[in-house]
Amino acid sequence: EDQVTQSPEALRLQEGESSSLNCSYTVSGLRGLFWYRQDPGKGPEFLFTLYSAGEEKEKERLKATLTKKESFLHITAPKPEDSATYLCAVQTSGTYKYIFGTGTRLKVLA
Amino acid sequence: EAQVTQNPRYLITVTGKKLTVTCSQNMNHEYMSWYRQDPGLGLRQIYYSMNVEVTDKGDVPEGYKVSRKEKRNFPLILESPSPNQTSLYFCASSAFDPGQKEKLFFGSGTQLSVL
């Protein structure tokens, strides 16, 4: 069964305290792995797409990496405005379905 | 402005009363999809469409219908809503290119309560 699991469920960081979020997946065929950011009461917003093991993408304080079984979202020196829920999703090859993880709620304290 | 527009933003209804949530995109996207978001369960795909007149079931299609008669519109129909369909619903769209991994653009969401 195709599945996406994110950990931790929630994370509290002090401003400037770097950390990583994990997304592990098992799918019959991976077309792409996506990271989204969701603010309360809003729709998710795209951050990164990864599709081959070893690939890395960066944007400001965020860096996403991909292996054959998991992806990490590294947050370097976070700021309070980075507080949000971070969602990981995979799109399966063949069917083009999307499967989302349950997200990591990140709170960055000033 | 590129956007996905859902209506209504909030909806309260009663069990069994048919309803439609509309979704429209102005980006000429081929791929459109519906999701429900529930606490502890995350976003789950209900239905998706890769082009006009082509629709497929996601992971939780029971109790829902969709149609794709025009490229820009993808309405979600609940013919006989039940309380377990109370949820936050999102529509999303993306371009579709077999050689690319296109990102989803999401609407602002529809909070549905079925009493």
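Below, the figures for the structure above:
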read-out	value
Taking A:Leu30, B:Leu104 and counting other C-beta atoms within 10 Å, the order from fewest to most	A:Leu30, B:Leu104
Convex hull per residue volume in Å³, alpha carbons only, for the protein assembly as shown	122
Most mobile of A:Gly32, A:Gly41, A:Gly16 in a GNM of chain A (Cα contacts under 10 Å)	A:Gly41
Per-residue mean of C-beta atoms belonging to partner chains within 10 Å, peptide B:88-95	2
Residue-averaged beta-carbon neighbours from other chains (10 angstrom radius) around B:70-80	0
Within chain A, longest stretch free of exposed trypsin sites (Lys or Arg not before Pro) [DSSP loop, at most 10 other beta carbons within 10 Å]	A:1-67
Backbone N within segment B:13-43 under 14 Å of label point (7 Å from B:Lys65 Cα along the Cβ vector)	B:17-21
Cα gyration tensor shape of chain B, rounded if a/c is under 1.5, else prolate or oblate by comparing a/b with b/c	prolate
Relative contact order [Cα under 8 Å, 6+ residues apart], chain A, whole percent	37
Qualifying GluC sites (Glu not before Pro) for segment A:34-90 [loop in DSSP, other Cβ within 10 Å: at most 14]	A:Glu60
Chain B - percent relative contact order, Cα under 8 Å, separation 6 or more	35
Rel. contact order, % - alpha carbon contacts under 8 angstrom, at least six apart, segment B:8-69	22
Candidates B:Pro83, B:Pro75, B:Pro61, ranked by Gaussian network fluctuation over chain B, Cα under 10 Å, top entry	B:Pro83
For A:36-46, mean number of other protein chain Cβ atoms within 10 Å	5
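Read the figures in this text as sums done on the coordinates, not as results from a lab. Since the model is a prediction, treat every value here as computed from it, not as a measurement. Because the Cβ atoms are built from the backbone with ideal geometry, glycine has one as well, and the counts that use them run over all protein chains shown.
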